[in-house]
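Here's the structure we're looking at; comments come further down.
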Amino acid sequence: MKYDYVIVGGGSAGSVMASRLSEDPGTSVCLIEAGGSGRDILIRAPGLVATMISGRPKINNWAFQTVPQPGFHGRRGFQPRGKALGGSSAINAMLYVRGHPQDYDEWADMGCEGWDWASVLPFFRKSEGNVRGADALHGAQGPLQVAEQSQPRAITQAFIEAAGEQQIRYTPDFNGPEQEGVGHYQVTQFHEGAANGERCSAAAAYLHRDVRHRPNLTILTKAQARRVVLQEGRATGVEIRHINTTKIIEAGREVILSAGAFGSPQLLLLSGIGPRDELAAHGIRVHCEVPGVGQNLQDHLDYVMSYHSKREDVIGLNPKGLYQLFKDGMQWRKDGTGPFATPFAEGGAFLKSDPGLDRPDLQLHFVVAIVDDHMRKINFKHGFSCHVCALRPHARGTVGLQSANPGHAPQIDPQYLSDKRDLEVLMKGARQMEQILIAEPLSRWRGKQLYPHDGSDSALKK
């Protein structure tokens with residue numbers, strides 16, 4: 001089988017690439033995805049995301065683990081990643097948040113030509129179908145549906161008011177003229193038609209409707225890429241395992257890797273492209289020595305505080321809470337509205353760890369449920385949580401191989417907290433977050449803290 005373009009990975013990037021390239025009827029495209037179609041109810045129904053994010057069992061989720069991290073006292077970090085068409089946009093919280101404009105300009109300054117804010121903004125606008133309509137920063141006709149939350153809970157408004165008491169201004173649009181502040185997140189969710197209230201993953205936006213029926217587009221799901229085929233230093237195809245058969249998908253023009261920050265370097269290494277020492281350690285022939293493959297991994301870390309709730313208008317996994325979820329699910333199934341359409345992280349904020357900074361370096365996600373180890377530890381009581389995330393980590397890690405077997409997970413070593421500046425920023429963020437969570441507007445809900453601490457540096461570092 002031969003195509004003009006062979007794309008590995010049907011996530012947020014791969015879905016767009018397959019859709020855009022196949023717009024030309026004279027071009028043939030093959031999209032290879034290791035997971036399923038991305039159309040099942042667990043993905044489409046926002047309220048069911050918790051069944052996938054924990055990776056127990058591994059439903060639409062690679063559920064990777066890092067190597068033991070010295071900065072975590074030897075613990076491993078959990079790395080959920082989507083395994084379906086749509087990739088991680090099929091299992092995330094649906095929050096529609098761009099980077100800060102200065103981030104893009106800095107990438108261009110470092111040599112990433114075409115990544116400055118003025119160059120990327122037209123593509124954001126082209127992709128976006130925002131319920132608020134079009135303006136200088138937003139689009140209304142794009143395939144990616146961006147909606148207001150159907151029915152954010154009262155506690156989320158209380159969180160916004162609590163932040164206001166800490167002199168944090170309200171912002172109605174985190175993708176607007178000013179990112180800093182507190183507010184409700186917009187979500188990548190259908191806001192009209194038969195799919196109203198459903199998740200709008202990248203695959204739902206770019207592939208699932210008429211696009212997937214194009215005669216010049218072939219989509220192979222549950223197809224595991226094993227290596228890039230090289231001939232005389234040129235990529236000419238991809239070897240895959242599909243329906244218990246190993247086969248080669250040939251590319252006449254290009255092989256495009258869009259398997260994510262972990263999957264793409266892993267596939268390059270398996271193909272003999274990467275640092276010589278890493279390849280030699282696994283007995284892989286060096287086809288092209290590229291020292292940078294798998295290097296410079298950057299992953300922002302977050303810290304979570306959770307509380308039990310004195311009120312039951314948040315999510316709980318006890319019988320009463322589950323019955324309420326069932327009722328909300330029935331409403332969502334009927335018309336796509338109600339609390340079941342929740343992104344869970346209904347509110348948030350962008351803050352500065354130091355007032356002298358030129359842009360926020362911290363992000364908060366306020367969640368209307370208890371979040372404990374990515375839902376891998378179940379708490380049955382009603383509760384709420386808040387994450388603080390350090391947006392621009394200084395630590396640099398690596399992605400490597402555990403073995404030469406393509407069926408094994410990559411070896412992921414983010415080197416969390418190996419740069420002391422990351423811990424300093426995260427702790428400043430944790431203290432700002434706690435001041436919001438203990439403020440008066442949340443007192444009607446705030447019960448016992450899930451993991452109480454005395455507020456000392458040593459307690460937070462645990």
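In the range 303-333, which residues are among the basic types (Lys, Arg) and either over 21 Å from Pro452 (Cα atoms) or crowded, with 20+ Cβ neighbours inside 10 Å (or both)?
We begin by selecting, within the range 303-333, every residue among the basic types (Lys, Arg); these are 310-311, 320, 327, 333.
Answer for the range 303-333, where residues must be among the basic types (Lys, Arg) and either over 21 Å from Pro452 (Cα atoms) or crowded, with 20+ Cβ neighbours inside 10 Å (or both): Lys320, Lys327, Arg333.
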How many residues, within the range 263-286, are assigned to a loop (DSSP other than H, G, I, E, B) and either touching a helix residue (DSSP H, G or I) at 6+ places or on another chain (Cβ under 9 Å) or surrounded by 16 or more Cβ atoms within 10 Å (Cβ to Cβ) (or both)? 7
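Among the candidates Gln145, Gln79, which residue alone is in contact with a Cys (Cβ under 6 Å, 6 or more places away or on another chain), of a type in the set (S, T, N, Q) and open to solvent by less than 30 Å² (accessible area, probe 1.4 Å)? Explain how you work it out, then say what you get.
Details: Gln79 fails: in contact with a Cys (Cβ under 6 Å, 6 or more places away or on another chain).
Of Gln145, Gln79, the one residue that is in contact with a Cys (Cβ under 6 Å, 6 or more places away or on another chain), of a type in the set (S, T, N, Q) and open to solvent by less than 30 Å² (accessible area, probe 1.4 Å) is Gln145.
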If you take the residues of the range 218-238 that are open to solvent by 40 Å² or more (accessible area, probe 1.4 Å) and among the hydrophobic types (A, V, I, L, M, F, W, C), which of them is nearest to Cys30 (Cα to Cα)? Ile219
Go through the range 334-363 and report how many residues are at negative phi, surrounded by fewer than 22 Cβ atoms within 10 Å (Cβ to Cβ) and in contact with a helix residue (DSSP H, G or I) (Cβ under 8 Å, 6 or more places away or on another chain). 6
Could you pull out the residue among Glu161, Glu192 that is open to solvent by 10 Å² or more (accessible area, probe 1.4 Å), within 24 Å of Phe340 (Cβ to Cβ) and of a type in the set (Asp, Glu)? Glu192
Scanning the range 258-300 residue by residue, the ones that are farther than 27 Å from Cys389 by Cβ and of a type outside the set (Val, Ile, Thr) total 21
Within the range 423-440, can one find any residue that is assigned to a loop (DSSP other than H, G, I, E, B) and within 30 Å of Arg311 (Cβ to Cβ)? yes
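Condition (residue is among the basic types (Lys, Arg), open to solvent by 30 Å² or more (accessible area, probe 1.4 Å) and either in contact with a Cys (Cβ under 8 Å, 6 or more places away or on another chain) or within 21 Å of Val367 (Cβ to Cβ) (or both)) applied to the range 395-402: is it met by at least one residue?
At the first step, the residues of the range 395-402 found to be among the basic types (Lys, Arg) are 396.
The next check asks that each one be open to solvent by 30 Å² or more (accessible area, probe 1.4 Å); those that pass are 396.
Pick out the ones that are also either in contact with a Cys (Cβ under 8 Å, 6 or more places away or on another chain) or within 21 Å of Val367 (Cβ to Cβ) (or both) and you get none.
Looking for residues that are among the basic types (Lys, Arg), open to solvent by 30 Å² or more (accessible area, probe 1.4 Å) and either in contact with a Cys (Cβ under 8 Å, 6 or more places away or on another chain) or within 21 Å of Val367 (Cβ to Cβ) (or both), one finds none in the range 395-402, hence no.
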Residues located in the range 120-140, provided they are open to solvent by 30 Å² or more (accessible area, probe 1.4 Å), closer than 20 Å to Met17 by Cβ and not hydrophobic (A, V, I, L, M, F, W, C): Pro122, Arg125, Lys126
Are there any pairs, at least 6 apart or on different chains, whose C-beta atoms fall under 8 Å, with the first in the range 31-59 and under 19 Å from Arg199 (Cα atoms) and modelled with pLDDT of 95 or more and the second assigned to a helix (DSSP H, G or I) and β-branched (Val, Ile, Thr), and if so, which? Leu42/Thr51; Leu48/Ile41; Met52/Ile43; Ile59/Thr51
Could you check Ala108 against (1) open to solvent by 10 Å² or more (accessible area, probe 1.4 Å); (2) free of Cβ contacts under 8 Å to residues at least 40 places away in the same chain; (3) within 17 Å of the chain's Cα centre (by Cα) and say which number it fails? (3)
Return only the number of the condition from (1) touching a helix residue (DSSP H, G or I) at 6+ places or on another chain (Cβ under 7 Å); (2) polar (S, T, N, Q); (3) at positive phi that Gln415 does not satisfy. (1)
Of those in the range 203-235 that are basic (Lys, Arg) and under 14 Å from Leu85 (Cβ atoms), the residue modelled with the lowest pLDDT is Arg209
Output the number of residues of the range 12-29 satisfying the condition of being in contact with a Ser or Thr (Cβ under 6 Å, 6 or more places away or on another chain), open to solvent by less than 60 Å² (accessible area, probe 1.4 Å) and more than 12 Å from Arg214 (Cβ to Cβ). 2
Going through the range 239-262 in order, the residues found to be touching a helix residue (DSSP H, G or I) at 6+ places or on another chain (Cβ under 8 Å) and open to solvent by 30 Å² or more (accessible area, probe 1.4 Å) are Leu257, Ala259, Gly260
Of all residues in the range 287-302, how many are in a loop (DSSP other than H, G, I, E, B) and surrounded by 13 or more Cβ atoms within 10 Å (Cβ to Cβ)? 9
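Residues that are more than 22 Å from Pro360 (Cβ to Cβ) and touching a residue at least 12 places away in the same chain (Cβ under 8 Å): find the strands (runs of 3 or more DSSP E) completely inside the range 158-256 holding 2 or more of those. Lay out the reasoning, then the answer.
Working: elements: 181-184, 217-220, 223-231, 234-242.
Once the strands (runs of 3 or more DSSP E) in the range 158-256 are filtered for at least 2 residues that are more than 22 Å from Pro360 (Cβ to Cβ) and touching a residue at least 12 places away in the same chain (Cβ under 8 Å), what remains is 217-220, 223-231, 234-242.
The values are calculated or read from the model by the stated rules, or taken from the named source; none is laboratory data. Every value quoted in this text rests on a predicted model; they were computed, and no experiment measured them. Counting neighbours? That spans all protein chains shown, and the Cβs are built from the backbone with ideal geometry, glycine included. Remember, those area values only see protein heavy atoms, side chains included, never the ligands or the DNA or RNA. Shrake-Rupley method; radii C 1.70, N 1.55, O 1.52, S 1.80 Å.
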